[in-house]
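Read through the structure below, which is laid out as structure tokens, and then see the notes.
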Amino acid sequence: MFGVRIYTILFLLLPLSAISEDGSQLWLRYRPVSAEVAKSRTIHVNNKHETALLARQELDTYWKGSSIELKVQKKEAKLKQGYRIDSSGGTIRVIAFQPVGLLYAAYHLLRLQEMTMLGDELRVEEIPSYDVRILNHWDNLDGTIERGYAGRSLWKWAELPHTISPRYAAYARANAAIGINATVLNNVNASPQILDAVYLEKVKALADVFRPYGIRVYLSVNFSSPVVLDGMADADPARKEVQDWWKKKVKQVYALVPDFGGFLVKANSEGQPGPQDYGRTHAQGANMLADALKPYGGLVMWRAFVYNPTSEDRAKQAYLEFVPLDGQFRDNVILQIKNGPIDFQPREPFNPLFGAMQKTPQMLEFQITQEYLGFSNHLAYLAPLFKETLDSDTYGRGVGSTVARVTDGTWHPSGISAIAAVANIGEDSNWTGHHFAQANWYAFGRLAWKHQLSSEQIAQEWLKLTFSNDEQFVRPVTEMMMDSREALVNYMMPLGLHHIFAFDHHYGPEPWGDRKGGRPDWMPWYYHNADSIGVGFDRTATGSNAVAQYRPPLDKRYGDLVSCPENLLLWFHHVPWDYRMRSGQTLWDELCGRYDSGVQQAREFQKVWDRLENKVDPQRFNEVQSKLKIQTKDAVWWKDACLLYFQTFSKMRIPEHIERPVHELEDLKRIKLNMKHHN
Ligand code: GCV
């Protein structure tokens, strides 16, 4: 007894930063208020919906301030899923049109409280930028996750529906707190089994847990499901029997999950089946599913990630395939388009499909999981990458047709707007493998809610909620986060280089990579084209002419060596080694400088972090510290591999002021990481 008391006293005396945390609480580290505080104010709600009651419960448990009145008001339809908060006269009044708006408002208030940013008066109106803010899990039914780096899947399919892990509700709550309102449970490389009755019962169990948090379930479906599950002769979307099969299946799904969101489909892409197997178009395939879902209000998110090993530049293929189909899709189909034309590279220009289809609603797909950005080993804050795409002007309807406006409902006001990202969540205790990878999940949610937020603002919010309000911590770490994606671009693929990863895992460098008989568009040389003259992919009129897929003035801006932004130079041009860059240096010297500055930035991150040891709890401090060591080692590996390899073509010296390579090229070529997955 005495011992316990001493420990309690010791514990209370310790600075907060000395108490270890494992990261499992994410941005929800609120502490329950005392009974006394709870008694001193009332939290009232005018609605009995489970989500409204949950909003009240959250505030009741954690809110330290004055009384709050939560109201759902039918006349406030323009608030959609949003809310209004007003605090004049002592009581805080929250108005929403839907119960979920109250829940979002509750998290808004708690967020401000946690950041000590509650002023005397509150006047807030928030309406989300997108209707559907959805995570895509690439989780397989066997518990593995494609491109997942935070352990196995959260979904315990073998235990479901009878055993419900407490992490399901924790997951839903974490998402609701940042405004995410939908989730696709399974991999786009979809097992047909997900639609089997046995699995649908499991899906229902998850949907039941998520529902109070305002989260709707969607599923990835395999186009051949009727063949695999029920032995139908084919899955031709033009055949009545196939259409009926889907109608029956959809009915079965809605009987179990009445608020089911819809289907996500990867078809005729990387070996997945699709309508083209039967000579039908993507539109015909998507429409068949859309017709089945329509009576229930379900959506089809049809992915535009298609490319085949033809002589056509991979970057052009989705556009060539989909633009001619504009106008042919049902109104409950949204085309889901990756941010760039290749595949979630550290930097890509925006995908030219955005803004090119005037009649077809489009949605963005980002990748939160860091398939091409150092897995969960590298600190790379992705909000700047997300913003770069959102803010890109497509010129699709003149100046100001940013990707954000093309997708947020401005272009298609009568339809449903949506934004997706591939999740980085697994069963690791900190959910995402790297503590700082939580920030990317957070940033996606916040931008999906409000794409006008700045990356910096989001980083600060996240740091305050996740670590500490101490300005001496928040300032330098925000800066580090803000620099981190560019640092990674520098040490991996500066100046528009892309896809020079090792074939087997997309982690380390393999610019020399080649496989006899392998698909050229899966080989690094396909992308960098290094030769004795220079390096880079000629996508101008003298090359693949991919620049022509961009609207004026972008076609000219990208197509011209002088006006092309330097950070995309080698994406669009094959540039001579001795070409003079804006800095006055040759391309070769500039390239060396970029790789080197990436390494120096990584070293700097280590210093920044080490200086903050007394401001972070020991467990998280140590875990981040050791990840930063890996990151720096990898940065050196990337720099040496790329410079030594490209030097075999440029035959130029690495400038003297640059850190010398510490590896031999031949040794680097022998490194084979044991990480399966390819392409
Ligand atoms: C789910 C890339 C990834 C694949 C992924 C694919 C896709 O090619 O490497 O793992 O498959 O994109 O987005 O469909």
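The values are calculated or read from the model by the stated rules, or taken from the named source; none is laboratory data. Bear in mind the structure is a predicted one, so any value in this text is a computation, not a measurement. Glycine gets a Cβ as well: all are built from the backbone with ideal geometry, and neighbour counts include every protein chain shown. Surface accessibility is based on the protein's heavy atoms, side chains included, excluding ligands, DNA and RNA. Shrake-Rupley method; radii C 1.70, N 1.55, O 1.52, S 1.80 Å.
What to note about this one:
- Estimated FRET transfer efficiency (I533, V608; beta-carbon r; R0 30 Å; 0.05): 0.15
- Furthest towards positive pole of dipole, G593, W245, N46, structure part the chain, Cβ charges: N46
- Projecting the Cα atoms of L59, Q317, H162 onto the charge dipole of the chain, computed from C-beta unit charges around the Cα centre, puts L59 farthest toward the positive end.
- Sites A77 and Q619 - FRET efficiency at Förster radius 51 Å, r taken between beta-carbons, to 0.05: 0.60
- DSSP bridge orientation in the chain - percent antiparallel, rounded to nearest 5: 25
- Where labels lie 7 Å past Cα in the beta-carbon direction, separation of H657 and K39 in nm: 6.9
- Shape call, the stretch 123-183: gyration tensor on alpha carbons, a/c limit 1.5: prolate
- Label zone at T648, where the point sits 7 Å out along the Cα-to-Cβ direction: the stretch 508-530 residues whose backbone N lies under 11 Å: 511-514
- Area of S484 that stays accessible when all protein chains are in place (1.4 Å probe, Å², to 10): 0
- Among 338-351, 132-145, the peptide with the highest mean count of other Cβ atoms within 10 Å heads the list, and the full ranking is 338-351, 132-145.
- Take each peptide in 147-158, 552-563, 408-419, count the other Cβ atoms within 10 Å of every residue, and average; sorted highest first, the result is 147-158, 408-419, 552-563.
- Among Q438, Q25, N187 the positive-end extreme of the charge dipole of the chain (Cβ point charges): Q25
- Remark: the stretch 575-679 carries a charge dipole of roughly 240 debye about the Cα centre, counting +1 on each Lys and Arg Cβ and -1 on each Asp and Glu Cβ.
- A straight Cα-to-Cα reach below 27 Å connects K629 with the lysines K464, K607, K615, K639, K669, K672, K676, residues fewer than 8 places away in its own chain not being considered.
- Exposed GluC sites (Glu not before Pro) absent: longest stretch of the chain, with sites in DSSP loops and at most 10 other Cβ within 10 Å deemed exposed: 122-655
- Inter-site label distance for M482 and Q252 at 7 Å from Cα along Cβ, in nm: 5.4
- The lysines within cross-link reach of K39, meaning a Cα-to-Cα straight distance under 24 Å and a gap of 8 or more places when in the same chain, are K48, K64, K71.
- Cα-centre dipole for the stretch 20-157 with unit charges at Cβ (Lys and Arg positive, Asp and Glu negative), debye to 20: 400
- Value of relative contact order over the chain, rounded to a whole percent, pairs C-alpha under 8 Å and six or more apart: 12
- Overall shape: oblate for the chain, with the ratio a/c of the largest to smallest alpha carbon gyration tensor axis at 1.5 or above and b/c at least equal to a/b.
- Cα centroid separation, the stretch 291-326 to the stretch 405-473 (Å): 26
- Dipole magnitude of the chain about its Cα centre (Cβ charges: Lys, Arg +1; Asp, Glu -1), debye to nearest 20: 1520
- The stretch 602-679: C-alpha gyration tensor shape, a/c 1.5 cut-off, then a/b vs b/c: oblate
- FRET efficiency, S626 to L673 (Cβ-Cβ, R0 22 Å, nearest 0.05): 0.75
- Relative contact order of the stretch 543-679, defined on C-alpha pairs under 8 angstrom at six or more residues apart (%): 18
- The trypsin sites (Lys or Arg not before Pro) of the stretch 612-662 that DSSP puts in a loop, and whose beta carbon has at most 14 other beta carbons within 10 Å, are K651, R653.
- Per-residue [θ]222 nm for the chain (sum of -39500 (n - 2.57) over DSSP H runs n ≥ 4, rounded to 500): -11500 deg cm²/dmol
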